[in-house]
Amino acid sequence: MGTHISRTVAEGLAFMNFIGGRQVDSASGRRIDVASPSDGRVFASIPESAAEDVDRAVRSAARAFEEGPWSRMPAVERGRCLTRLGLLIEKHGDELAALESRDTGKPIRQGRADVVATMRYYEFYGGAGDKIHGDTIPFLPGYTALTLREPHGVVAGIIPWNYPMQILARVAGAALAMGNTLVVKPAEDASLTTIRIAELAHEAGVPEGVFNVITGYGRDAGAALSAHPAVDYVTFTGSTLTGTAIQQAAAVNNRGVTMELGGKSPQIVFSDADLDAAMPVLVNAIIQNGGQTCSAGSRILVQREVYATVAAGLAERFSKLVAGPHDADLDLGPLINRRQQERVAGMVAAAEEAGIEALARGSVAADAPSGGYYFAPALFGSVDPAKAIAQEEVFGPVLAVTPFDDEADAIRIANGTDFGLVAGVWTRDGGRQHRVAKRVRAGQVFVNGYGAGGGIELPFGGFKKSGHGREKGFEALYDMSATKTIVFNHG
Ligand code: ADP
C-alpha cells in the first residue's frame, strides 16, 4: 500500500487501481490480462473494475474537491505540483517509455517522444494555471460585475490506448491546473503508464484523492463513470461511436463534455508544392503510431498535374516500410490488438474487392513474433472520394490518394466526409494558403507541414463528427473550468 510499489507476482506485473492516494484492487478481485501487441504474450494484469470501484474513486475525488486543499490552493501552488510531476516524468523517462512501448507495441523511439511530450504538458500547464483570469464588465451605474474561472469539480477522463501518456497529460494537466479533481479510466488495452503517472503525481505532492485511476472495460467501468451523478464534467478521446454513448450517459446528469473523436484528415497537395519537402511528411502522418492516431493524415488529395509523380513517390516509400516489434524500432509497430488487426485487414480487403487500385504494400519483418498483431501498410490510388476507404476512419497504416482538378474541387473533397479534425495544405501560393486554410472544415490546419497530434500549445479538437470542445494550449483551461459572474451592488 502507499506509494511503495511492488508488483511482481507469479503471473507477471500486477498493477492496481489508484484511489485516494493508494493502490487498491477491484472489489471483486477480478483481473484483466495485459498482453504485448508485439508477441501477444501476457506480461501484466490490471484490475477489472466495476460500478462499485468507480463509485469509490468518484467519492474519493468528490471528497478531495469539497474538502480541499487542492481546489482552494493558489493556482501557483497547484502549478508547482504539476511542474514537479513533469520533472519526475523526465527522471523516470526510460521506464515510462519502455512500459508504454511494450504495452501498446509502439516503436521505442515513439515511446520516448511520448515521454517528452508528456513532460511538456505538465510543464506547460504547471506554468499556465496562474495566468488565466476573468473580466470586469461595464454594467449599470452603482454596480461592479466581474467573472471568475471556477473548476467544474470532479472531472472524469476516459482515455484511449493509442497515446495513453500524452492524452492523459493533456487532460490531467489542464483539469488539475484549474483546481478540479480527477477520475481517470484508461483503456483496457493500455492502462499501465496511467497508473504509474498517478503514483508519480502523488510523489510530486498532488494530494490524496485528487488524481484517481480505475482500470477496466469501457462497457462496465467506463459506462459507470460517464453516468455517475457525482461526476461534474466528462472528457473523452476515442472513437466517434463510443463518444456518442458517453455523451448519452453524461446527458442523464446534464453534464458538460469535451469530445475528441475520429478523423479522416486530408492533406491537399497543389501542383506548385515543394514535393520533396512534402513527401516524407505525407508518409509519416499516416505511419506514425501505425496509423492509430485520430489526427492521422489518412487521405492525400493531389492536383492532377502532379498526381503521377506524387503517387509514384508515395508508392516507392510505402514499399520500403517495415512493421516489427516495439523493441526493434522499425517504421511501425503492430496494431493494438487482434480485433483492430482484423478490422483493418477487413477494410483493406473490402477496398481491394471494390477494385480500388492498390499502389503499394509495405511488409512485416520476417522475424516478427507470430503472435503479434502486425499489418503491412497499404497504399491505394485513384480513390473515388465516395468510397468507404476515403470516408471511414481505418485507424491503421492505410492511405488513400485521390486526384483533384482545382482549388474548389480540393475543398469540396476535403470537406466531403463526416469528420473535421486536421488538414494539411501544401502550396507555395500565399493567397491559396490562406483561402484553403479558411475554407477547410478542420480544428487544426497545417500549411506546408503536418503535425499528427503535435503541439502542446496548439488548441486541438474537431468540427462535425470529430467532436467538440478544445484540448491543449490555453483553450483547454477554459473547457476545464466554468465562468462564474459576480455582481456587486454598491450604490
Ligand atoms: P476501441 O473501440 O478501439 O476500444 P474506444 O473509443 O471504444 O476505442 O475506447 C476508448 C476508451 O473508451 C477506452 O478507455 C474504453 O474502455 C472506453 N469505452 C469504451 N466503451 C465505452 C462506453 N460505452 N462507455 C464509456 N467508456 C467506454
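The values are calculated or read from the model by the stated rules, or taken from the named source; none is laboratory data. Just so it is clear, the structure is predicted and the values come from calculations on it, not from any experiment. Glycine also receives a Cβ, built like all others from the backbone with ideal geometry; neighbour counts cover every protein chain displayed.
Below are the figures for this structure:
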| read-out | value |
| --- | --- |
| Failed condition for residue 279, given (1) closer than 30 Å to residue 150 by Cα; (2) touching a residue at least 12 places away in the same chain (Cβ under 8 Å); (3) surrounded by fewer than 22 Cβ atoms within 10 Å (Cβ to Cβ) | (1) |
| Residues that are of a type outside the set (D, E, K, R) and out of contact with any strand residue (DSSP E or B) (no Cβ under 7 Å at 6 or more places or on another chain), drawn from region 420-448 | 420, 427, 430, 431, 434 |
| Cross-chain or 6+ apart pairs with Cβ under 6 Å, region 182-196 first and within 20 Å of residue 111 (Cα to Cα), then at pLDDT 95 or above and polar (S, T, N, Q) | 186/194; 189/337; 190/104; 191/215 |
| Extreme residue, nearest to the ligand (Cβ to nearest atom), among residues of region 168-184 that are touching a Gly at 6+ places or on another chain (Cβ under 6 Å) and farther than 19 Å from residue 63 by Cβ | 171 |
| Residues of region 224-267 that turn out to be within 19 Å of the chain's Cα centre (by Cα), more than 22 Å from residue 66 (Cβ to Cβ) and either of a type in the set (D, E, K, R) or within 9 Å of the ligand (Cβ to nearest atom) (or both), as a count | 14 |
| Residues of region 130-158 satisfying the condition of being closer than 30 Å to residue 224 by Cα and small (Gly, Ala, Ser) | 153, 156, 157 |
| Within region 185-223, tally of residues that are in contact with a Ser or Thr (Cβ under 6 Å, 6 or more places away or on another chain) and within 12 Å of the ligand (Cβ to nearest atom) | 8 |
| Complete set of residues in region 129-164 that are hydroxyl-bearing (Ser, Thr, Tyr) and without any contact (Cβ under 8 Å) to a residue 40 or more places away in the chain | 136 |
| Candidates 237, 258, 215, 244, filtered to the one that is surrounded by fewer than 21 Cβ atoms within 10 Å (Cβ to Cβ) and hydroxyl-bearing (Ser, Thr, Tyr) | 244 |
| Residues satisfying the stated conditions in region 454-466, i.e. closer than 17 Å to residue 240 by Cα and part of a loop (DSSP other than H, G, I, E, B) | 461, 462, 463 |
| Test result for residue 358, under 27 Å from residue 415 (Cβ atoms), at pLDDT 95 or above and in a helix (DSSP H, G or I) | no |
